[in-house]
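Notes follow once the structure below has been shown.
The values are calculated or read from the model by the stated rules, or taken from the named source; none is laboratory data. This one's a predicted model, so the numbers in the text were calculated from it and none came from an experiment. Note that we place each Cβ from the backbone using ideal geometry, even for glycine, and neighbour counts take in every protein chain shown. Ligands, DNA and RNA are stripped out before the accessible areas are found, and what is left, the full protein with its side chains, is counted by its heavy atoms. Shrake-Rupley method; radii C 1.70, N 1.55, O 1.52, S 1.80 Å.
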Amino acid sequence: LVEGGANLLNLFLDSDLWDAIRVERNPSLFIGNGVRAPRIPEGVNEVVESCGGNEIHHFAHKKS
């Protein structure tokens, strides 16, 4: 489990040191400008589910 800021998370993503990513979003919440979210790698499987008005995005790594 890695819970950190965008810079730390991007280091793990860029180094391909991840198996799964889970992102929770509230589509009705807007805070304004802030820190840019980590970049989700292209070509990963994504499953989205709803929970209490939030969206839970599950990304699975396609390791060869």
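Computed quantities for the displayed model
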quantity	calculated
Qualifying residue in segment 20-41 (condition: surrounded by 10 or more Cβ atoms within 10 Å (Cβ to Cβ) and aromatic (F, W, Y))	no
Test: residue in segment 46-53 that is assigned to a loop (DSSP other than H, G, I, E, B), out of contact with any Lys or Arg (no Cβ under 6 Å at 6 or more places or on another chain) and modelled with pLDDT under 90	no
Near pairs, Cβ below 6 angstrom, 6+ apart or cross-chain, from segment 12-41 (more than 11 Å from F59 (Cβ to Cβ)) to any residue that is open to solvent by less than 70 Å² (accessible area, probe 1.4 Å) and part of a loop (DSSP other than H, G, I, E, B)	F12/V2; F12/W18
Selection from segment 1-16 of residues that are surrounded by 10 or more Cβ atoms within 10 Å (Cβ to Cβ) and of a type in the set (A, V, I, L, M)	V2, A6, L8, L9, L11, L13
Unique match (being more than 13 Å from the chain's Cα centre (by Cα) and modelled with pLDDT of 90 or more) among L17, L13, L29	L17
